[in-house]
Amino acid sequence: MKPEESEGIVEKWLRAWSLSRDLPMPQKYASGYRINVGEPKQKVRYVFPELNNDFFSLAKTVDESWVFLKVCAPYEEFRPLIPTHWIVQPQGYMMYCNSRMNFGNNAMPDGYSMDIQRHSPEKCIVRIIYENKEAAIGRLIIIDGIAVYDRIVTEEKHRRKGLAKKIMAVLEDIAFSEGTQYNFLVATEQGRLLYESLGWKLYSVYTSVVIPSNN
């Protein structure tokens with residue numbers, strides 16, 4: 001399945017994102033979506049699959065701090081068209097992979113062990129443990145035929161040991177065992193390099209802006 005053949009992929013990803021974080025499901029807002037995150041520095045996020053008048057109207061209306069606007073478009077395309085109090089955040093990248101990833105030699109380093117927890121038919125959490133402490137973690141949400149990989153994190157002192165690849169490999173096996181072969185995630189700039197090395201491709205840039213607090 002190619003991205004253009006998957007209708008509503010952004011909406012599906014948002015539902016998976018919400019499930020991963022135990023948040024309310026996204027609600028339709030004009031041509032985009034609204035999620036009540038409820039965190040001190042992220043109260044609400046609005047997500048738009050494309051840049052349009054709904055996005056610009058909201059950008060001109062909202063003046064509350066820690067409300068995020070997110071859109072599948074480069075910042076340069078809309079920077080001059082929104083109020084200057086909106087501050088751009090580090091660039092994100094929506095990525096997809098519809099074939100087996102290329103892990104190469106992916107043996108577990110000595111002293112590390114794997115913990116796999118299936119929280120529901122849709123949600124799985126994989127941890128790598130070292131000396132009874134969490135060294136790395138990743139989540140998989142399977143929703144409407146799409147496997148969404150989320151919050152893949154390695155603790156700093158355990159990096160450069162291939163732990164993220166090991167977690168991705170286990171999550172991929174789980175996804176394929178469920179008959180799901182279309183993978184999707186949102187990566188940071190650094191994460192993008194890792195995922196490209198595994199065979200992932202760019203679906204869209206994913207740009208976020210927010211009004212930070214003056215305090």
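Whether a residue is under 18 Å from residue 107 (Cα atoms) and either in contact with a Gly (Cβ under 8 Å, 6 or more places away or on another chain) or of a type in the set (Lys, Arg) (or both) was assessed, and residue 165 passes this test.
Could you tell me whether residue 128 is touching a helix residue (DSSP H, G or I) at 6+ places or on another chain (Cβ under 9 Å), among the aliphatic types (A, V, I, L, M) and either under 19 Å from residue 10 (Cβ atoms) or at pLDDT 95 or above (or both)? Criteria met by residue 128. Listed by position, the strands (runs of 3 or more DSSP E) enclosed by segment 127-189 that each have at least 1 residues that are polar (S, T, N, Q) are 146-154, 183-187.
Any idea which of 95, 25, 108 is part of a loop (DSSP other than H, G, I, E, B) and in contact (Cβ under 8 Å) with a residue 12 or more places away in the chain? Being part of a loop (DSSP other than H, G, I, E, B) and in contact (Cβ under 8 Å) with a residue 12 or more places away in the chain holds for just one of 95, 25, 108, which is 108.
A Cβ distance below 6 Å, combined with a sequence gap of six or more or placement on separate chains, defines the contacts here; from segment 44-73, residues that are assigned by TED's automatic domain parsing to the domain that holds residue 33 and at pLDDT 95 or above reach residues that are of a type in the set (Val, Ile, Thr) and in a loop (DSSP other than H, G, I, E, B) in the pairs 59/82; 65/211. Scanning segment 60-69 for residues that are part of a helix (DSSP H, G or I) and not β-branched (Val, Ile, Thr) turns up at least one hit. Report whether or not residue 211 is touching a strand residue (DSSP E or B) at 6+ places or on another chain (Cβ under 7 Å) and either over 20 Å from residue 128 (Cβ atoms) or without any contact (Cβ under 8 Å) to a residue 24 or more places away in the chain (or both). Criteria met by residue 211.
The values are calculated or read from the model by the stated rules, or taken from the named source; none is laboratory data. Given the structure is predicted, the values throughout are model-derived calculations rather than measurements. Please note: Cβ atoms are built from the backbone with ideal geometry, for glycine as well, and neighbour counts cover all protein chains shown.
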